[in-house]
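FYI, it's all coordinate maths here, none of it is from the lab. All values reported here derive from a predicted model rather than from experimental measurement. Cβ: placed from backbone, ideal geometry, glycine included. Neighbour counts: every protein chain shown.
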Amino acid sequence: MTNIDTPLTNADFSQRSAQATTSDQFRLRWSLRSMSGQALTIAEVQSLCEAGRWAPSCFNSQPWRFVYALPDTPQWQPLMGLLMDVNKLWAAKAGALVALVARTHFEANDAPAATHSFDTGSAWMSMALQAQHMGLAAHAMWGFHHDQAADALKLPEYFSTQALIAFGHPAPAEALPDPLREREVPSSRKALSELMFNGDMG
Ligand SMILES: Cc1cc2nc3c(=O)[nH]c(=O)nc-3n(C[C@H](O)[C@H](O)[C@H](O)COP(=O)(O)O)c2cc1C
């Protein structure tokens with residue numbers, strides 16, 4: 001385990017200054033693209049999914065499911081094949097891919113579960129922070145072929161793919177192809193004053 005208050009790489013965090021006191025794990029988490037290609041172990045993937053498992057959800061419905069694949073296994077290509085080319089370019093060096101799938105309807109009565117995406121987003125963030133804790137990169141992707149996901153992942157009725165996530169061992173930015181290399185920098189955020197409202201937004 002690494003210290004969660006330690007950056008994963010020597011990236012330039014100058015665009016990320018804190019505006020209030022909080023754990024540094026939030027400011028230091030960022031979506032690296034440069035990964036080494038080293039496969040994660042199944043124990044590491046289990047640790048990431050275990051973090052997701054403990055996320056909160058409406059009625060404790062736990063709508064998330066984790067469909068994973070490791071490099072050089074038969075499961076890898078179906079998941080990798082779902083990615084748009086712009087993501088394949090760098091995610092090919094991930095150490096694991098995880099499709100974050102949500103049950104869109106409650107298991108109890110098959111009624112629509114309005115919060116399935118919100119709940120599954122909580123699981124993603126837990127996994128991302130767990131990755132950071134393990135010294136691993138985590139990068140969520142919406143850029144995949146949504147129309148092909150249900151078939152490729154053999155999803156049962158009522159399941160929908162929320163995102164694909166690339167996890168991996170960080171590599172230097174220099175290992176990325178040209179257009180991506182210069183974008184390999186932790187991004188900024190809106191000012192806290194633009195986001196906080198006392199009582200209403202009027
Ligand atoms: C749901 C979701 C989908 C995303 N899809 C993509 C994607 O398809 N490709 C990509 O390179 N980054 C993707 N990202 C990464 C975001 O661009 C990134 O999180 C955002 O710019 C903030 O940067 P940070 O995560 O480094 O703090 C996605 C992030 C989220 C949360």
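Quick notes
- For the stretch 59-166, alpha-carbon Rg relative to the globular expectation (2.2 N^0.38 Å, N residues): 1.07
- Normalised by the number of residues in the stretch 59-166, the average gap of Cα pairs under 8 Å and 6 or more apart makes the relative contact order 36 percent.
- Placing +1 on the Cβ of every Lys and Arg and -1 on the Cβ of every Asp and Glu, with nothing else charged, gives the chain a dipole about its Cα centre of roughly 200 debye.
- The ranking of Lys93, Lys88, Lys190 by Cβ neighbour count inside 10 Å, starting from the fewest, reads Lys190, Lys88, Lys93.
- The Cα atoms of the stretch 18-87 cover 45, 34, 26 Å along the three principal axes, with the biggest extent listed first.
- Taking every alpha-carbon pair under 8 Å whose residues sit at least 6 apart, the chain reaches a relative contact order of 32 percent.
- Alpha carbon Rg of the chain, scaled by the compact-globule rule 2.2 N^0.38 Å: 1.07
- Extreme residue, positive dipole direction of the chain, given options Ala114, Phe13, Ser34 (C-beta unit charges): Phe13
- Residue-averaged [θ]222 nm for the chain, counting only DSSP H segments that reach four residues, each worth -39500 (n - 2.57): -8000 deg cm²/dmol
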